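Engineer: Sharing a structure here in structure tokens format.
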Amino acid sequence: MIEESLRSLLNRARKAVTDAKNMSDIDALDIAFLGRKGELADLMKQMSSAKSEDRPKLGAMANEVKTEIEKLISLKRDSFAMSGLQKQLDQEREDVTEPGIKPAQGHLHLMNHAIRDIEKIFTDAGFVRVRYPEVEWDKYAFENLNMPADHPARDEWETFFVDTPPDAKNGKMILTPHATSGTARILSEKDLPIRAINISKTYRRQIDLTHVPMFHQFDGLIVDKGLNLTHLLGILDYFVKSFFGPDRKVRVRPYHFRFTEPSFEVDISTDSKMGKNGWLELGGAGMLHPNVLKAAGIDPEVYTGLAFGWGVERTYMMREGLHMDDIRTLYKNDLRFLNQF
Amino acid sequence: MNILVSYDWLKEYVDLKGLTPEQFAARVSLSGPGVERLYPQGRDLDKIVVGHVLNVDKHPNADKLRIAVVDLGNSKATIVCGGSNLEKDQWVVVAKVGSNVRWHGEGELVELVPAEIRGVKSEGMICAANEIGLFDAFPHQEREILDLGKALPGMKLKPGTPLADALGLSGDTLMDIEVTSNRPDAFSLLGIAREAATILNKKLEWKPAVVRKPKIAKNKNLQVMVSDKKLCPRYMAAKIEGVTVGQSPWWMKRRLLSAGIRPINTAVDITNFVMLELGQPMHVFDAEKLAGNKLNVRKAKAGETMQALDGKTYKLHEDALVIADAEHPQAVAGVMGAETSAVTIGTTSIVLEAASFDPVSIRRTARKLNLYSDAQLRFEKGLSTQALPDAMARAIELITELCGGELTTLQDVQTAKYKAPSYSISFAKIDELIGVPIKKTDAASTLKRLGFAVKTDAKKLTATVPWWRDHDIESGRDLVEEIARVYGYANLPSVFPAGVSKRKTDRELILEQKTRDLVCGAGYTEAFTYSFISKQIAERAGFDTKSMLKLSNPLSADFEFMRTSLLPSMLDVMAENQDRFRDQHLFEIAHAYYTKDKGLPNEQLEMAVGVMGDRAWKEARGLVEHTFDGLGVRNIAWKPLATDPFWHPGRTAQAFDGDRLLATVGEIHPNLASKYKFDGRVALAHVPLENVFDSASDAKLYTPIPTYPVSKRDAAFVVSRDIHVQDMTAALMRASKLIRHVEWFDTYRGKGLPEDKKSVAFHFFIGSDEKTLETSDVDQVMDLVMKEAKNIFNAQPRI
């Protein structure tokens, strides 16, 4: 009897599980068949009425039925769970080619990108970045740089003058036309040896497609004992390779600046990005003129100074292959421009 | 300064055999003057040839046209021509089909195609000089064709010869050479030749002309006086009588044209030629037009004027040095001659001038008069007094050759005896500065080739400076550059000098970068505006320019004042962008310039922040707080600012650390906003970074993580609108020691509340270090909070 009932229970359970439509049907079946007050439990209660010699067999059979039903229910559950997850996953599927949500995006000005790059290259090489007044005395911008009053070389600088009486000791007040005034300042501090890079806003009376009245220059300076021309070439080479790339070559040509002797113009080899093959003018360099060291009270017989410097705007544009029809765009502050960098 | 040098001409002074202009440029540029560009000559004259007119006939259909048959050597061509001076047997220039000409000397070059003119076929064109770019060489009337026979007297012409060959232009190359301002000696053919000879190790093929003396000196017929010997250390004048002044021969014209100088007449051309050749400017007067037969080098007198050769009349200031006759200035010394004593065709007696002038005086005079010339350009760079005899001798030689006449006076007024400077440098120093050992003989030979007289001993070299270098060689050190550049910088190794700076980076520079990163990282875009502003921009923002540094020579009114605040520029940038961007988040970090009673201005590092948008001022404030947090500025008290017409009185706050102002943040005053036509809300922040950096700290603070749970409770209070959240936060924090933190999260005004009230909501974080608090403990704390709020702020709990 019990045997019959167990068999029938298993068959009914098998059918019911197969027919179950969802997870709650299965939960109900689980309770109905296997629960504390379920059908299997009922049958087990009847076990006492069976013959004692049959009991072990019936017991084993009941266990088998239980295990089988549990297995059926578990499988069905898994299958429901699976298809439920499938559904969820399907519902959650998105067009992954849509752009993501970006954090608010700030932009540094192109010039500060440039200044940072240049600063990094030199600080890596043991230089310290320094900064000196932009509104400056004639003394530091010219006089101490071996450009006495009325020297025609001064004309090349197209200097802005401040409308204020000159100082007896320092001369006229001006906007510095070159970062080299910082060189005169560093020297006057006489904290030797010196290894510094001065990046500064500079000012000249010029505005057109290729000139802005405020621009930036960097001026590097090493003052130490025993420096010579080969060291200057070494620094130029280091900068050019770090800034423009390892394939670039540097060459120097004789030039004339009052504050250096000898003086050079520095060229770099071009690449296809720059549109032509050959050499492009980069900036100026030289050995500090003995008079410049003397003006700062440094003995030129003991110390040698190497200096180099050029325009940040021009140098950076050259590297990036950025071509601006009008350099003034840099300082027009159109957000369509600023947001690009 | 740049000079155009004909390669062909240069070969007259230096042996350049076997060297192309390209090779010349590549080598010389690395050690001497930079050759910037090469312009091969004669290419414009392709398919333009010499023709001989065999016959001229009337044109059947046009009065002003004629038909010429022209011998072109291998062929004959029938050409329709409108030239008024066309005649049989003439030598003419024929542009063949395929050549490029400029019709009537105007417009672009046009390629010539076979044409039929008024029914007659024309196989080319007989050219006027202006149609082939030779007007300056051969000036002519309209409709006049170039008569080669007259233009090139004495030249043997052959029909069919390319014109470029006939003119000697083919094969020539013009070199555009940059000469540095300290080397006016190299700003000449001879100077370039000397450089090239040294660098290329070639022979300099030049001998100075021999100084001639008048057969019978008639010094009385020209009185030369130098009244200002300081500004004119040397003056030479030569009078040549019985000259014939006319058109210069082609060889002379060609040289002048190659350097971009227009031929005038033989006498004037010779002075220009000598200047180009030797670098010493000269002038020539018509001797018969000099009143009193007198030349006086003096300063101009008050009220004197002079009509210069450019046709303009100049009012001379009293510092200007002039060359005057007995009555009037006849030249602004070293700058330009006067029209009244100009030499013209027909002049029969001339005075040649070669002089030395003070470079500064020349420069100042040119600037003051706004009058510039090739002579002035050279004089203001500083020329040697010793250049005069060679130049004068050469000019006299050429005048004699091209104009005839007799030298009757040669005077030389020189104030000081010349002593050539001489400098020494040790061989050890040469090696030390260059960085490689230089052979003693090489060092000496380089200098010798450059014209120095060199003596050496075992240790040092002594060089006497040639006169043409007496302005730029100033010490023994200068000799090193000469030796090094000729040795070749490309031959030096490059050695990186390793080392570490003794000085460390200034804290301000480090914190400036950090601030920039913080603000940029928070989504703000960096603006970069000029340090100078206009009165208009300043005043529009309500800033008075009186306190600002003013430039005495601004480029324009746009760049007149050094700003004392970045805010006016920021407002301007926002206004400029508002049509395209309704939401703006901008910042700028730069110096502001504060005048001081004495000395240079204070250059103070400041940050300006600009926000446009619905919650602009809150965002601006939040950004400032974010910046303070990032910089470790911890001690901050905010105070309302309600009295400044720039700022919105109810939406502006200032942050202080004690008495130190750290920031002003607020919405701009509506009156100001309307001036800029802002329709959105605009807020600004002004952050004096130097103050902020003084309050900044790198130190990291650590508060232990609570061992026992912290409960979070929210409470809202209805209080008067005048109560400050900052005060409430601080006071409520003190209500119980168990309150760890009070955080404002909302303020409400409007429906359900009286006009003068607001509801302010806070989070309270309550916990103990000793135990887990029971709900009742927390309730007790909140009761204390409520009581405190009621007592201090008359607050009602909002339910």
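The values are calculated or read from the model by the stated rules, or taken from the named source; none is laboratory data. Note that the structure is a prediction, hence the values are computed from the model and not measured. A quick note on method: Cβ atoms are made from the backbone with ideal geometry, for glycine too, and the neighbour counts reach across all protein chains shown. For accessibility, only protein heavy atoms count, side chains too; no ligands or nucleic acids. Shrake-Rupley method; radii C 1.70, N 1.55, O 1.52, S 1.80 Å.
Engineer: Evaluate the following for residue B:568: is it closer than 22 Å to residue A:334 by Cβ and either more than 12 Å from chain A (Cβ to nearest Cβ) or outside any helix (DSSP H, G or I) (or both)?
Structural biologist: yes
Engineer: So which residues in the stretch A:194-230 are part of a helix (DSSP H, G or I) and either crowded, with 21+ Cβ neighbours inside 10 Å or in contact with a helix residue (DSSP H, G or I) (Cβ under 7 Å, 6 or more places away or on another chain) (or both)?
Structural biologist: Scanning the stretch A:194-230 gives a single hit, A:229.
Engineer: Within the stretch A:226-248, track down each residue that is more than 25 Å from the chain's Cα centre (by Cα) and either more than 10 Å from chain B (Cβ to nearest Cβ) or of a type in the set (Ser, Thr, Tyr) (or both).
Structural biologist: A:230
Engineer: Against the conditions (1) in contact (Cβ under 8 Å) with a residue 40 or more places away in the chain; (2) closer than 30 Å to residue B:360 by Cα, where does residue A:121 fall short? Just the number, please.
Structural biologist: (2)
Engineer: Could you figure out which of (1) within 29 Å of the chain's Cα centre (by Cα); (2) open to solvent by 30 Å² or more (accessible area, probe 1.4 Å) isn't true of residue B:174?
Structural biologist: Looking at each condition in turn, residue B:174 falls short on (2).
Engineer: Still on this structure, I have one more. Is it the case, given these coordinates, that residue B:602 is within 12 Å of chain A (Cβ to nearest Cβ), more than 16 Å from residue A:332 (Cβ to Cβ) and free of Cβ contacts under 8 Å to residues at least 40 places away in the same chain?
Structural biologist: yes
Engineer: In contact with a His (Cβ under 8 Å, 6 or more places away or on another chain) and within 11 Å of chain A (Cβ to nearest Cβ): is that true of residue B:528 in this structure?
Structural biologist: Judged against the criteria, residue B:528 is a match.
Engineer: Please state which one of B:170, B:181 is of a type in the set (Ser, Thr, Tyr) and away from every other protein chain (no Cβ under 14 Å).
Structural biologist: So the residue among B:170, B:181 that is of a type in the set (Ser, Thr, Tyr) and away from every other protein chain (no Cβ under 14 Å) is B:170.
Engineer: Next question. Do any helices (runs of 4 or more DSSP H) entirely within the stretch B:467-546 hold 2 or more residues that are surrounded by fewer than 17 Cβ atoms within 10 Å (Cβ to Cβ), and if so, which?
Structural biologist: By residue number, B:507-521, B:535-540.
Engineer: Might you let me know whether the stretch A:251-261 holds any residue that is within 11 Å of chain B (Cβ to nearest Cβ), of a type in the set (D, E, K, R), surrounded by 20 or more Cβ atoms within 10 Å (Cβ to Cβ) and within 22 Å of residue A:210 (Cα to Cα)?
Structural biologist: No, the stretch A:251-261 has no match at all.
A quick yes/no check of all residues on (1) out of contact with any His (no Cβ under 7 Å at 6 or more places or on another chain); (2) open to solvent by 30 Å² or more (accessible area, probe 1.4 Å):
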residue	(1), (2)
B:368	no, yes
B:379	yes, no
B:397	yes, yes
B:400	yes, yes
B:408	yes, no
B:433	yes, no
B:440	yes, yes
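Engineer: Could you grab me the full set of residues in the stretch A:231-247 that are more than 11 Å from residue A:306 (Cα to Cα) and either among the aliphatic types (A, V, I, L, M) or open to solvent by 20 Å² or more (accessible area, probe 1.4 Å) (or both)?
Structural biologist: A:237, A:238, A:240, A:241, A:242, A:244, A:246, A:247
Engineer: Here is a further query. For the stretch B:122-150, enumerate the residues that are over 20 Å from residue B:97 (Cβ atoms) and in contact with a strand residue (DSSP E or B) (Cβ under 9 Å, 6 or more places away or on another chain).
Structural biologist: Hits for the stretch B:122-150 are B:129, B:134, B:143, B:147, B:148, B:149, B:150.
Engineer: Please specify each residue of the stretch B:152-170 satisfying the condition of being assigned to a helix (DSSP H, G or I) and either surrounded by fewer than 16 Cβ atoms within 10 Å (Cβ to Cβ) or in contact with a His (Cβ under 9 Å, 6 or more places away or on another chain) (or both).
Structural biologist: B:165
Engineer: Continuing with the same structure: Is it the case that the stretch A:74-82 has a residue that's open to solvent by less than 10 Å² (accessible area, probe 1.4 Å) and either facing chain B (nearest Cβ under 10 Å) or not hydroxyl-bearing (Ser, Thr, Tyr) (or both)?
Structural biologist: no
Engineer: So for the stretch A:91-109 (the condition being assigned to a helix (DSSP H, G or I), closer than 30 Å to residue A:316 by Cα and touching a helix residue (DSSP H, G or I) at 6+ places or on another chain (Cβ under 7 Å)), does at least one residue qualify?
Structural biologist: Within the stretch A:91-109, none of the residues are assigned to a helix (DSSP H, G or I), closer than 30 Å to residue A:316 by Cα and touching a helix residue (DSSP H, G or I) at 6+ places or on another chain (Cβ under 7 Å).
Engineer: Same structure again: Which count do you get for residues in the stretch B:536-546 that are within 13 Å of another protein chain (Cβ to nearest Cβ) and not β-branched (Val, Ile, Thr)?
Structural biologist: Of the residues in the stretch B:536-546, 1 are within 13 Å of another protein chain (Cβ to nearest Cβ) and not β-branched (Val, Ile, Thr).
Engineer: Count, please, the residues in the stretch B:467-481 that happen to be at the interface with another protein chain (Cβ under 9 Å from one of its Cβ atoms) and under 19 Å from residue B:191 (Cβ atoms).
Structural biologist: Of the residues in the stretch B:467-481, 4 are at the interface with another protein chain (Cβ under 9 Å from one of its Cβ atoms) and under 19 Å from residue B:191 (Cβ atoms).
Engineer: Let me ask something else. Hey, among the residues in the stretch B:661-680 that are in contact (Cβ under 8 Å) with a residue 60 or more places away in the chain and within 41 Å of the chain's Cα centre (by Cα), which one's nearest to residue B:569 (Cα to Cα)?
Structural biologist: B:676
Engineer: Hey, another quick one. Quick check on the stretch B:109-128. Is at least one of its residues open to solvent by 20 Å² or more (accessible area, probe 1.4 Å) and part of a helix (DSSP H, G or I)?
Structural biologist: No - not one qualifying residue is present in the stretch B:109-128.
Engineer: Could you tell me which residue of the stretch B:76-108 is most open to solvent (accessible area, probe 1.4 Å), considering only residues that are in contact (Cβ under 8 Å) with a residue 40 or more places away in the chain, of a type outside the set (Val, Ile, Thr) and more than 14 Å from residue B:143 (Cβ to Cβ)?
Structural biologist: B:96
Engineer: Step by step: first the residues of the stretch B:430-453, then only those that are within 38 Å of the chain's Cα centre (by Cα) and of a type in the set (Ser, Thr, Tyr), then the one that is nearest to the other protein chains (Cβ to nearest Cβ). Which residue is that?
Structural biologist: Taking the candidates together, the pick is B:446.
Engineer: Quick one: is residue B:722 of a type in the set (Asp, Glu), in a strand (DSSP E or B) and open to solvent by 40 Å² or more (accessible area, probe 1.4 Å)?
Structural biologist: no
Engineer: Looking at (1) within 21 Å of residue A:21 (Cβ to Cβ); (2) surrounded by 12 or more Cβ atoms within 10 Å (Cβ to Cβ), which one does residue A:115 not meet, given that it meets all the others?
Structural biologist: (1) is the only condition that residue A:115 fails.
Engineer: Going by the structure shown, is residue A:152 of a type outside the set (Asp, Glu), open to solvent by 50 Å² or more (accessible area, probe 1.4 Å) and at pLDDT below 95?
Structural biologist: no
Engineer: Any idea which of A:20, A:114 is under 30 Å from residue A:219 (Cα atoms), touching a residue at least 12 places away in the same chain (Cβ under 8 Å) and in contact with a helix residue (DSSP H, G or I) (Cβ under 9 Å, 6 or more places away or on another chain)?
Structural biologist: A:114
Engineer: For the structure I just gave you, tell me whether residue B:217 is surrounded by 21 or more Cβ atoms within 10 Å (Cβ to Cβ) and in contact (Cβ under 8 Å) with a residue 24 or more places away in the chain.
Structural biologist: Considered against the rule, which asks whether it is surrounded by 21 or more Cβ atoms within 10 Å (Cβ to Cβ) and in contact (Cβ under 8 Å) with a residue 24 or more places away in the chain, residue B:217 comes out as no.
Engineer: Read through the list (1) open to solvent by less than 10 Å² (accessible area, probe 1.4 Å); (2) free of Cβ contacts under 8 Å to residues at least 12 places away in the same chain, then give the number of the only condition that residue A:177 fails.
Structural biologist: Residue A:177 satisfies every listed condition except (2).
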